[in-house]
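Values in this text are rule-based calculations from the coordinates and carry no lab data. Here the structure is a predicted model, which is why all the values come from computation and not from measurement. FYI the Cβ positions are ideal-geometry reconstructions off the backbone, even for glycines, and counts take in every protein chain you see.
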Amino acid sequence: MTDSSRPLRFDLIAFDWDGTLYDSTRLIVRCIQAAVIDVGGAKPSEHDAAWVIGLGLAEALARAAPDVPKEKYAELGARYRYHYLQHQDDLVLFDGVLQMIDALRARGHKLAVATGKSRRGLNEALKSAALRDRFDASRTADETFGKPHPCMLLELMEELEVPAERTLMVGDTTHDLQLALNAGCASVGVSYGAHEPGSFDELKPLFVAHSVASLETWLLDNA
């Protein structure tokens, strides 16, 4: 049982989106693979396609398709967006996310999103997920530097007037946890997204959650 009267350890909790709050990892992997094939590249493995999730779209696609020439990057991005848009309405939040977000807001935490998605993509997802009014701020990769550059988190902390030692980053990839380190913040990893949790160890997250329920419990008990 959580103690809602306990003082907050972190005033700001910043969440990654895809693979952390939104059940989109498998779709993104398939869309990356299909886009690369469309422009004549070799199909990346599921592991390689999943590894780039969380980076900005242009960087992610370039890393997933090293044999695709730069002059085809615009077409590659267009094909990825084409495939993603065919299925974006099929995507849903992980079970328990809304309950967790509302519980954290009720305890007084400021909540933010730090994502490799575009602003347009995040706004569409927030609207479809009925989450737009539940976050105090957000940053996307096309508005600032992509992960793991610290600028995304630094801008959120400045906007919401929260210092690094009072900020926690939650994400499913090493890019998210490295972002937190680079910004001087603590982090929590989740194992149900794009990256294997064994890769988190050297980035020293405070906790690795294996479900949204365990993430909510840890945050309410420790954040």
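Here are some pairs, 117/204; 72/110; 72/204; 72/147; 110/204; which of them have Cα atoms lying more than 31 Å apart in this structure?
Listed pairs above 31 Å: 72/110; 72/204.
Amide H of residue 113 versus every other amide H placed in the peptide plane: which residues, excluding those fewer than 5 positions away on the same chain, fall under 5 Å?
Those lying under 5 Å, H to H, from residue 113 are 15, 137, 138, 139.
Tell me the relative contact order for segment 25-90 as a rounded percent, counting alpha carbon contacts under 8 Å between residues six or more apart.
Relative contact order of segment 25-90: 40 percent.
Using Cα centres only, tell me the gap between segment 31-70 and segment 74-89 in whole Å.
Cα centroid of segment 31-70 versus Cα centroid of segment 74-89: 12 Å apart.
If I stretch the segment between residue 63 and residue 82 completely, what's the gain in nm (0.36 nm per residue apart, minus their alpha carbon distance), one decimal?
Full-extension gain reported as 4.9 nm.
If I take every Cα pair under 8 Å that is 6 or more residues apart in segment 159-223, average their sequence separation and divide by the length, what percent do I get for the relative contact order?
Answer for segment 159-223 is 27 percent.
For n ≥ 4 DSSP H runs only, could you compute -39500 (n - 2.57) per run for the chain, divide by its residues and tell me the 222 nm figure to the nearest 500?
So the calculated ellipticity at 222 nm is -12500 deg cm²/dmol.
Classify segment 91-139 as rounded, prolate or oblate, taking a ≥ b ≥ c as the square roots of the eigenvalues of its Cα gyration tensor: rounded when a/c is under 1.5, otherwise prolate if a/b is larger than b/c and oblate if not.
oblate
Would you please state which residues of segment 17-32 a label at residue 159 would reach in this model, taking the label point 7 Å out along Cα→Cβ and a backbone N cut-off of under 20 Å?
In segment 17-32, the label zone of residue 159 (backbone N under 20 Å from the point 7 Å along Cα→Cβ) covers 17-22.
Before anything else, pin down the relative contact order of the chain: Cα pairs under 8 Å, at least 6 apart, normalised by residue count, whole percent.
Across the chain, relative contact order equals 26 percent.
To the nearest 0.05, how large is the calculated FRET efficiency for residue 8 and residue 132 if R₀ is 25 Å and r is the Cβ-Cβ distance?
It comes out at approximately 0.55.
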